Structures are given as C-alpha cells and as structure tokens.
1. Taking only pairs six or more apart or across chains, which ones have beta-carbon atoms under 9 Å, a first residue in segment 139-152 that is assigned to a helix (DSSP H, G or I), and a second residue that is surrounded by fewer than 15 Cβ atoms within 10 Å (Cβ to Cβ)?
2. Of all residues being assigned to a helix (DSSP H, G or I) and buried (at least 18 other Cβ atoms within 10 Å of the Cβ) in segment 258-270, which is nearest to the chain's Cα centre (by Cα)? Just the residue, please.
3. Against the definition (over 20 Å from HIS238 (Cβ atoms), surrounded by fewer than 20 Cβ atoms within 10 Å (Cβ to Cβ) and of a type outside the set (Val, Ile, Thr)), how does ASP8 come out, yes or no?
4. Just to be sure, is LEU48 more than 30 Å from ARG267 (Cα to Cα) and in contact (Cβ under 8 Å) with a residue 12 or more places away in the chain?
5. With respect to the numbered conditions (1) within 15 Å of the ligand (Cβ to nearest atom); (2) open to solvent by 10 Å² or more (accessible area, probe 1.4 Å); (3) in the same structural domain as GLU185 (by TED's automatic domain parsing); (4) touching a helix residue (DSSP H, G or I) at 6+ places or on another chain (Cβ under 8 Å), which one is the sole condition not fulfilled by LEU255?
6. Quick test for you: out of ALA49, ALA97, ALA63, ALA23, pick the one residue that is closer than 30 Å to ALA117 by Cβ and out of contact with any Gly (no Cβ under 8 Å at 6 or more places or on another chain).
7. Which of the residues belonging to segment 157-187 are open to solvent by less than 50 Å² (accessible area, probe 1.4 Å) and either over 21 Å from LEU276 (Cα atoms) or without any contact (Cβ under 8 Å) to a residue 40 or more places away in the chain (or both)?
8. Restricting attention to segment 293-327, which residues are touching a residue at least 60 places away in the same chain (Cβ under 8 Å), within 16 Å of the ligand (Cβ to nearest atom), crowded, with 19+ Cβ neighbours inside 10 Å and not small (Gly, Ala, Ser)?
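The values are calculated or read from the model by the stated rules, or taken from the named source; none is laboratory data. These numbers were taken from a predicted model, which means no experiment stands behind them. Quick reminder, even Gly has a Cβ in these numbers, built from the backbone with ideal geometry, and neighbours come from all protein chains shown. Heavy atoms of the whole protein, side chains included, go into the accessibility calculation; ligands, DNA and RNA do not. Shrake-Rupley method; radii C 1.70, N 1.55, O 1.52, S 1.80 Å.
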Amino acid sequence: MDHFSLIDGVMHAEGVPLPRIAAEVGTPVYVYSRATLERHGQVFREALAPLGTNGQEPLIAFAVKSNPNLAVLRVLQRQGFGADVVSGGELMRALAAGMAPEKIVFSGVGKTDAELALGLDQGIGQFNIESREEGRELAALAAARGQSAPACLRVNPDVDAKTHAKISTGKAENKFGVPLMRARETFAELAALPGLNLRGVAIHIGSQLADLEPLETAFAKVGALVADLRAVGHTITHVDLGGGLGVPYRRGEVLPSPAEYGAMVARATKGWDVQLTFEPGRVIAGNAGVLLTRVIRVKRGGNGPPFVIVDAAMNDLARPALYGAWHDFEAVMPRGERMTANIVGPICETGDTFATDRDCDALVSGDLAVFRTAGAYGATMASSYNSRGFVAEVLVDGDRFAVVADRLDAAAIMDAERVPEWLA
Ligand code: LLP
C-alpha cells in the first residue's frame, strides 16, 4: 500500500497535490511519502518481531544503497532501524542521519583499508567479511588499534535467486561471499585472529526476489553451516539474512508479503538461537517514491506509436535502461483517455527509453506524469550524463512537504571542474 493516489482527479502524495510540487520545485523531481516509508517499515518490522531473542527484536538494517537521502534515513532511524552500508560514504550518511553505530552493518566485497578503518573508528556493530583476504586485513587493522572487530563471514550458497542476472548475488560465479565449501576452513582461520570477533554468518542472494523458495533453500544451507561450525567448537551468536524481498512494479502484481517472508524465516531458522539481522532496501523504499516528470512534447513515431518525450531521462532513473525494468507510468491529471506510446527521455541514445508500446494515460505537451516505484534505486543511481545535473528530491508529510535534496544543475557540477593553467 502507498500514499500516491488520485484525489478529485489529481494525483497527490499524501495530502499534497503533485502539481504544487512541480510548480514550486520544478521537474523532474523525486517525491517520497513519509507515511508510506513508515508503514512499510512498520509492516516489515512486525513481520520479523517474533524472531527476536532474549527480549530483543531482530536488527533491521536498511540497505542505504536503495535510498541514501538523509531525510529518508532519518524517518527510518526514528523507527529504530539500523543501516546496511557498502561504502565510507554510506557509513557517513547513516551516522549523519543519527543511526546508532552499533546498528550499522558494513557489507561489500571491496572495502578499502581506509573504509575498514573508518568503521573501526566509528565503532560500528558488524563487518560482513566477504573473503579470507579481507578478514586478514580487518584483523590486522583492528589488532593494531587494540580492537576486536565484530564480524560475520558472508557465504555464497550457490543458489539461483531467479531474478535479473545483474542483481543476483548468491550464485557460485558471483563475486560475493566465500563459497560454502571453503566456509569452514575460512571461518576457522579468521576466528583464530586476535583482531576479529567472528561471531556468525551472513548471506544475501539477490534483489527483487519474487519467490521465497530460493531464500529458504539458501537459509537451510546457512542453518547447516551454523550447526557444523558449532560442532567444531565455534561460538555462533549472529546470523545476517540480507535483504532481497521484491515489490510489485505493475499494478495488480502480487509478490510474497513481509508476513509470508517472516513465516518462512521463522520456519527456516527454528532452533538457531542467534540474533538475526535483516537488510531490506527495496521493500521499504520502493513504493514510497515516484519520479514526477513533465511531458516536453509528443512526437509522431516512424511506423510505430508516438514518442512521449518527458523531461526525466535514463540519467535520473536508470533501471529501465540498465535492467529493462518496468515502472508504471501514469498521468497526474488523467483525462480518462488512453494511448499507446513509447515513453522516452531527452538523452541522445536509444537506451534512453522508459517503455515501448506502453498502454498509458493519453498525454499532451505540458502534462505531468509519474514513474511509480521509484523510491528505491532511483535517485541513488542517477548520473549527470548529457550534463543534465541531479534532480531534486522532496519528502511529503501529510499536507506539507520539504525539499530534501537540492537540484544540482549543470553549472553546479561544472564548478567542480577546471581547465589547467597550461591549457589557458
Ligand atoms: N544487502 C546487501 C548486501 C545487498 O547487496 C543489497 C542489494 C541489499 C541488502 C538490499 O537488497 P534489497 O532488499 O533492496 O533487494 N540497482 C538494482 C538493485 C541492486 C541491489 C544490490 N544489493 C535495481 O535497481 O534493481
């Protein structure tokens, strides 16, 4: 459920008509709904709450990569969320949003020494180590500071998540984690290092999962590994089950709910007796945001449908160009007529196509429209290709809204560049 709906024929975000945001902030602009974020956060949390141990709820570490906006992080921080970060930049954002260091988990295959040191300096709650090499480096850095880094070993279960190849992370050929067959020896080696408090296992098999079965298969492998590790004397107190739960991108599409996910996790983790961590991103933020755009003009097609050229482009919302992803496209003030169109942006390559042969609301030059489900992996994946700058972001709360990220125009980006003296 989200809070973007028609009220008297005009699409609103909660109580704010989208034309008002377009008039005051301009387009394209990402619009997030606080009520939707909070609802998704609460539903997810309630689904997992029964899995707590010792009176403690599981740690829910929001995947910052899905939406790193400080105001969005703040909404979730106020709900008790922690953060899953994958770079020094994301770590700084989580802290700036007020997230407690002990609720921060640091994932990623390529953490640099500087990033590991930053995590140690900030006293974060958990490092998810993705290789023997990284484990040794972290141990050395921590030992040199007289610290013992709290860590989990990320394993690669070789399970097909049945999602887009570019966002699958748990197959043997993917770069993530340590292969299961080497997990036991790697764990034993790293657990013996003085700078590490290796206390558990982590996993994440992919994103936008529409089926719970691959997750359950992967979790069963983790359960077996935990039992094996304990059998040889390791103390396992933590397991991080990652993120990945998918969301509906098309109206009417039905995906497993957080409650169904929670029930599956309860089944899969029965008797583990560990503190569980989850790293959801998309399921919290995806349907809590839209990309609001204006039609520049409608151009007659060659032998196909007309081109609806909008002022948003692949640099603002990359998912359709990168993954062939579908985003519902709707008029802000629909007139009740339909058209079949190719929805495209102004960028000079054919990849800048949001949809082909799409049945959508009839639109003319100047109309406003939205791409839905743009709250996750939207603004965060933007670039400034074609010198288009970065779009603004707005957070709505009831009948008020605030600009939570300024538009960075081409001039602002140019300010960071210079021509060397020897070219003057
Ligand atoms: N934890 C780890 C270690 C991850 O790598 C990811 C996502 C997540 C958690 C969050 O997954 P989620 O719950 O959001 O599915 N740009 C792509 C998605 C890439 C996801 C990468 N990892 C897209 O637009 O579909």
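1. Here the result reads ALA139/PRO194; LEU141/ASP113; ALA142/PRO194; ALA143/PRO194, each pair linking segment 139-152 to a residue that is surrounded by fewer than 15 Cβ atoms within 10 Å (Cβ to Cβ).
2. PRO258
3. So ASP8 passes the test.
4. Values: more than 30 Å from ARG267 (Cα to Cα): no; in contact (Cβ under 8 Å) with a residue 12 or more places away in the chain: yes.
No.
5. Only one criterion is unmet by LEU255, namely (4).
6. Within the list ALA49, ALA97, ALA63, ALA23, the selection yields ALA97.
7. Of everything in segment 157-187, those that are open to solvent by less than 50 Å² (accessible area, probe 1.4 Å) and either over 21 Å from LEU276 (Cα atoms) or without any contact (Cβ under 8 Å) to a residue 40 or more places away in the chain (or both) turn out to be THR163, ILE167, SER168, THR169, ASN174, PRO179, THR186.
8. Correct list: MET314, ASN315, ASP316, LEU317, ARG319, HIS327.
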